[in-house]
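Below you'll find the structure, written out as structure tokens, and then a few comments.
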Amino acid sequence: MGCSVSCSNSASCSRQIVHSDDDKIKDAKIIFVVGGPGSGKGTQCEKVVAKYGYTHLSSGDLLRAEVASGSERGKTLQAIMQKGELVPLDTVLDMIKDAMIAKADVSKGFLIDGYPREVKQGEEFEKKIGAPCLLLYIDAKGETMVKRLMKRGETSGRADDNEETIKKRLDLYYKATEPVIAFYSSRGIVRKVRLVPLVIGYCHCLNPQEVGGTLIGENGLVVMAGAE
Ligand SMILES: Nc1nc2c(ncn2[C@@H]2O[C@H](COP(=O)(O)OP(=O)(O)OP(=O)(O)O)[C@@H](O)[C@H]2O)c(=O)[nH]1
Ligand SMILES: Nc1ncnc2c1ncn2[C@H]1C[C@H](O)[C@@H](COP(=O)(O)OP(=O)(O)O)O1
């Protein structure tokens, strides 16, 4: 919801200044988090949130919440997601925007996980919301992603964590999402995150300069630890 403020000098000013919801997020710090299915986007986002207090918004989680609500829109989405396909751009973008607005007053910045899935999604996001300052690209081998998702599928209850749909999601990732990385690389804002085996505690594999100083504090190092 927007709020409006009237000009105090009504004699000289009859104009109303309207602060819309869009204004609330227009200067928000935005970090896209991109990677294949099961690459560990959600896992790494949790670590960044724990350390830096950013707001984590996963497009997949937002869509699954809509499905769980039982709404008509959720039913349509479920059918698409079960097949491992992308839902319509406007739907996912509206959901992300609403979620950002809802958190705008308390957020230090947003980790947008699972978006953009294709270059067009990035372009539309920038038109409707704003530009990202960084894109974290979580890199993982195809066979690693498949292995993890098959394992996750044993307990996740996710209709798309099965062999056939995982393969389709992976194919779509290579076809549609990898070009996103090339698109933002040309702007110099992509940071490729290679997960290294976690032995004990955190692995400091990126430094503040490498992430442009945007994600972290003065002495901090970005925490990105994982394992095959
Ligand atoms: N062995 C291992 N497993 C991991 C690592 N990171 C994540 N996982 C597991 O791999 C699975 C996928 O991780 P997620 O963080 O959900 O990956 P995601 O990219 O968000 O996946 P989607 O939700 O499908 O987009 C989960 O079961 C994680 O527990 C890692 O570094 N090593
Ligand atoms: N930005 C986006 N655009 C369109 N569809 C999306 C989307 N983010 C998620 N979805 C849909 C299609 C995906 O197959 C499904 C699950 O997404 P996800 O939770 O990010 O998992 P994954 O990355 O493993 O595919 O939700």
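Values in this text are rule-based calculations from the coordinates and carry no lab data. Small disclaimer: the values here were computed from a predicted structure and weren't measured. Neighbour counts are summed over all protein chains in view; Cβ atoms, including those assigned to glycine, are modelled from backbone coordinates with ideal geometry.
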Residues of type lysines that Lys168 reaches as a straight line, Cα spacing below 25 Å, ignoring anything fewer than 8 places off in the same chain: Lys41, Lys75, Lys83, Lys120, Lys141, Lys147, Lys151, Lys192
Burial order of peptide ranges 20-30, 38-48 (average beta-carbon count within 10 Å, highest first): 38-48, 20-30
3J(HN,Hα) from dihedral phi, the range 105-112, Karplus parametrisation 6.51/-1.76/1.60, rounded to Hz, x for glycine, proline: 5, 10, 9, 8, x, 10, 9, 9
Extreme residue, positive dipole direction of the range 22-196, given options Gly60, Gln44, Ala131 (C-beta unit charges): Gln44
Rounded to the nearest 20 debye, dipole of the range 22-196 from Cβ charges on Lys, Arg, Asp, Glu: 600 debye
Computed lengthening from Lys120 to Glu154, 0.36 nm per intervening residue step minus Cα-Cα distance: 8.9 nm
Lys128-Glu163 FRET efficiency (beta carbon distance; Förster radius 35 Å; 0.05 resolution): 0.45
Global geometry of the range 84-152, whether rounded, prolate or oblate, following the gyration tensor of its Cα atoms and the 1.5 cut on a/c: prolate
Gained length - Ser185 relative to Asp98, 0.36 nm times residue gap less alpha-carbon distance: 28.6 nm
By average C-beta atoms within 10 angstrom, highest first, the peptides 95-101, 124-130: 95-101, 124-130
Spatial separation of Cα centroids for the range 99-162 and the range 57-92, in angstrom: 14 Å
Angstrom value of the Kirkwood radius, inverse mean 1/r, which spans all Cα pairs in the range 22-196: 16.5 Å
Added length on full extension, which subtracts the Cα-Cα distance from 0.36 nm per residue, Lys75 to Asp171: 32.1 nm
Separation in nanometres of the label points that stand 7 Å from Cα toward Cβ, at Gln82 and Lys147: 3.1 nm
